[in-house]
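Each reported figure results from applying straightforward, stated rules to the coordinates on display, with no laboratory input. If you're wondering where the values come from, they're calculated on a predicted model, not measured in any experiment. When we count neighbours, we look across all protein chains shown, and the Cβ atoms used for this are built from the backbone with ideal geometry, even at glycine.
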Amino acid sequence: MNAPWEALAAAVRACVSCSELAASRTLVVVGEAPPGARLALVGEAPGAQEDAAGRPFVGRAGALLDTLLAEVGVQRADVAVLNVLKCRPPSNRVPRPAEVANCRPWLEQQLDLVAPRVTVALGLSATRWFLGRTTTLGAVRGRLHEVSGRQVVPTYHPSAALRFGPEGAPLAALRGDLGYAVTLLGPSDPLAAG
């Protein structure tokens with residue numbers, strides 16, 4: 001991307017604020033942010049495949065996400081893909097509040113640099129990062145929320161869609177919410193033209 005992003009990425013890779021995560025990680029998964037990205041996707045944390053590759057959403061959930069993005073006319077290469085945590089929690093456990101707090105400045109800086117028009121929060125951890133720790137996904141998903149000047153659409157994580165299968169409600173909701181987010185980009189945005 002640009003020099004500020006690369007400087008931030010270098011700082012994130014050097015972070016050891018969460019000693020357990022720093023000791024167990026293979027690679028820090030900084031995230032991806034192509035220049036001019038108007039849509040950002042924020043997930044929970046890297047899984048095993050992401051930890052090994054150093055890239056977000058490269059496993060089965062990532063393949064599903066890529067498919068769903070293509071269905072709504074968006075190429076993943078045009079989208080910022082980030083996570084609440086930059087290091088994999090052991091056994092893919094849910095991020096602890098202290099870990100989320102330690103990583104919060106990194107994601108805030110990333111979102112400030114990318115300045116997406118719309119951000120999709122994928123799953124409960126990402127949704128709570130934006131809307132608060134007591135938020136329930138069912139109460140907030142499927143509609144736009146303004147959070148500190150950011151336009152946020154909460155939805156299910158692709159792993160939930162995989163868990164409940166092709167006929168499950170999470171997949172239908174995720175598909176619909178991604179489509180909704182793309183409509184919010186507006187007709188003048190190249191991402192919305194697909």
What's the total number of residues in the stretch 141-165 that are surrounded by fewer than 20 Cβ atoms within 10 Å (Cβ to Cβ) and part of a helix (DSSP H, G or I)? 3
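Specify the residue that is surrounded by the most Cβ atoms within 10 Å (Cβ to Cβ); the eligible residues are those in the stretch 119-132 that are in a helix (DSSP H, G or I) and touching a Ser or Thr at 6+ places or on another chain (Cβ under 7 Å).
Step one: list which residues in the stretch 119-132 are in a helix (DSSP H, G or I), which gives 124-131.
Narrowing further to those that are touching a Ser or Thr at 6+ places or on another chain (Cβ under 7 Å): 127-128.
On the way: THR127: 28, ARG128: 22.
For the stretch 119-132, the residue satisfying everything is THR127.
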One residue is enough: does the stretch 47-62 have a residue meeting the conditions buried (at least 19 other Cβ atoms within 10 Å of the Cβ), touching a strand residue (DSSP E or B) at 6+ places or on another chain (Cβ under 7 Å) and at negative phi? yes
Filter the stretch 166-188 down to the residues that are surrounded by fewer than 22 Cβ atoms within 10 Å (Cβ to Cβ), under 20 Å from ASP112 (Cβ atoms) and within 16 Å of the chain's Cα centre (by Cα) and list them by number. none
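Please note which helices (runs of 4 or more DSSP H) are completely contained in the stretch 1-103 and include at least 2 residues that are under 19 Å from LEU174 (Cβ atoms). It would help to see each step written out before you state the result.
Values: elements: 3-13, 19-24, 48-53, 60-71.
Passing ranges, in order: 60-71.
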When the stretch 80-118 is checked residue by residue, the ones that are surrounded by 13 or more Cβ atoms within 10 Å (Cβ to Cβ), touching a residue at least 60 places away in the same chain (Cβ under 8 Å) and closer than 22 Å to GLN49 by Cβ are LEU85, LYS86, CYS87, ARG88, PRO89, GLU99, CYS103, TRP106, LEU107, GLN110
